[in-house]
Each structure stands twice: as structure tokens, then as C-alpha cells.
Amino acid sequence: MAKAQQDKLPKKRGRPCLEKLYARYEIQITSWDFSWSFYLSGPTDRWQGRSHFKEMTTLTLMGRVIEPEGFKYPEALLRLVADPWLDSLVEQPAAIGSIHINDKQFTGYVPIPSNQMPMLVSSANRLLFVELNGTPLRYRKALINELHLNTAPD
């Protein structure tokens, strides 16, 4: 007696497609800090052949996460670092910055074009909100795809 064959659906092969998930983080700025460093490059830093000198400019924004509401890590720190070679990237980057959680603090790092730093520093005391759009936190890390700095609430 032959077994009745059941209709089987064809199996999908390969890795399943992950849908793109997006998250929005809004930070209310409470204070800011600016630092500038100028120094000689070490021999290991000259592999790019750019200069014997290095300059590091950082605008640090501190605040609290107001969106999503009830966020587990309410304290926030965002570092905007001037990168003079940002425009010379050859490959398409995966994101403009990153987020990670350290000691229950939401910490973001975003390199920005160095020619924009003077404008940001001059308006830093008027900045009220930062909006970050990117991927949701996974294992306390995420990527930033968009950055918006606002002097007024949206």
C-alpha cells in the first residue's frame, strides 16, 4: 500500500532577509564642552602620508534621553569629532556614527566635517535638542544614520 503523499511547500534556502529596523533617539542637551588638541604625529600615524601634525577637535554634548519615553539609559553623552579627511572616504560607510552603552550611560560618537566645527561651537550654547536616527540597540550597541541638532523643540 502506497503512502499518501502530502503536499509540501518548497523550503526557502539561504539566510532569511532581515527587515530594516529604525530607532529614533531624542536627547535634551543640558551642557556642553569643547576641547582642541594639536600635536606631532608619531611614526605610526604617518602611514597615510598626510602630515607630521595632528589636530583633534571635539564638541561634547551632555543631556538626557527624552525619546523613547522611559528609556533604560536616561543619561546621554554625544561626542562630535572633527575629521578633516571625512570627505576623502573611498567606500560607502555603513553609518555616520555609533552608539554604545557604558556604565548605564548612552554614549554616541559621530565624526563631522572639520569645516563645520566652528559653526557648531559658536552655536553650542543655543543648542537644545539632538535627534539621532539609526538602528535599535542590540547588545548595547547601535549605528547612527542621521544626526539633527536643533535650537528649538520640534
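The values are calculated or read from the model by the stated rules, or taken from the named source; none is laboratory data. As the structure is a computational prediction, the values presented were derived from the model and not from experiment. Here the Cβ positions follow ideal geometry from the backbone for every residue, glycine too, while neighbour counts run over all protein chains shown.
Among the residues making up the range 99-126, those that are surrounded by 15 or more Cβ atoms within 10 Å (Cβ to Cβ), of a type outside the set (V, I, T) and touching a helix residue (DSSP H, G or I) at 6+ places or on another chain (Cβ under 8 Å) are P111, S114. Note on the range 141-154: residues that are exposed (fewer than 12 other Cβ atoms within 10 Å of the Cβ) and among the charged types (D, E, K, R) amount to 2.
Looking at S37, is it part of a strand (DSSP E or B), more than 20 Å from the chain's Cα centre (by Cα) and at pLDDT 90 or above? Yes, satisfied. Per the conditions (1) touching a residue at least 12 places away in the same chain (Cβ under 8 Å); (2) surrounded by fewer than 16 Cβ atoms within 10 Å (Cβ to Cβ); (3) out of contact with any Lys or Arg (no Cβ under 9 Å at 6 or more places or on another chain), the sole criterion not satisfied by P93 is (1). Checking each residue in the range 114-153 for being β-branched (V, I, T) and under 17 Å from the mean Cα position of the chain (by Cα) picks out V130, T135, I144.
Here's the yes/no breakdown for (1) farther than 13 Å from E26 by Cβ; (2) outside any strand (DSSP E or B):
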{"site": "K54", "(1), (2)": "yes, no"}
{"site": "I66", "(1), (2)": "no, no"}
{"site": "F71", "(1), (2)": "no, yes"}
{"site": "A76", "(1), (2)": "no, no"}
{"site": "P93", "(1), (2)": "yes, yes"}
{"site": "T107", "(1), (2)": "yes, no"}
{"site": "E131", "(1), (2)": "no, no"}
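Within the range 109-128, the set of residues being within 20 Å of I66 (Cβ to Cβ) and assigned to a strand (DSSP E or B) comprises V110 only.
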